[in-house]
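What follows draws every value from the coordinates through simple rules; no lab data is involved. Just so we're clear, the structure is a prediction, and the values are computed from it rather than from any experiment. For neighbour counting, all protein chains shown are included, and Cβ atoms are generated from backbone atoms with ideal geometry for every residue, glycine included.
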Amino acid sequence: MALNANYTFEDLGEVKCSIIEKNCKPERVEFLKKLLEFNGFTVVVVNSPPPKGAAKPAAAAAETPVETAPAPAQTFTMGVTDLTFNVMNGIYNRQLKTPDGRTVTPWFWKQKETESNDEIWYWKKR
């Protein structure tokens, strides 16, 4: 774990990675993977661990019939092998580019915009 919370590292699989995002849905993984690989990063994706919680004892679960909640959707943890990379620095220092040559904006990264509109600075958007 890093001293600064903005730089988090974990072993994903057997590779030490700088964490990009945790608990990503498959669509988000696909979007970020394409974007980061275009920018020259090696992306590592692993299944996220199941949520922590108290497990019921098997005997108690077998005695009382309880409606089961739907299984949670599969989520993933993403990282890049470049340990110097930080998402916030990459976005706000305008280091990441889209395939069409525009700068990645915070709204494009969060998928709130389909195209990166880098002419309008982030502090001027409402």
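Straight-line reach only, C-alpha to C-alpha below 15 angstrom: list the aspartates and glutamates that LYS22 could link to, leaving out same-chain residues fewer than 8 apart.
Within reach: GLU10, ASP11, GLU30.
Any chance you could run the full-extension gain for GLU115 through GLU21? It's 0.36 nm times the residue separation minus the Cα-Cα distance, nm to one decimal.
That works out to 31.7 nm of additional length.
In nanometres, what is the gap between the two model label sites at THR103 and LEU83, each 7 Å from Cα along Cα-to-Cβ?
3.0 nm
Past 19 Å, Cα to Cα: identify those pairs from LYS33/LYS112; LYS34/LYS110; LYS25/LYS97, in the order given.
Violating the 19 Å Cα-Cα cut-off are LYS25/LYS97.
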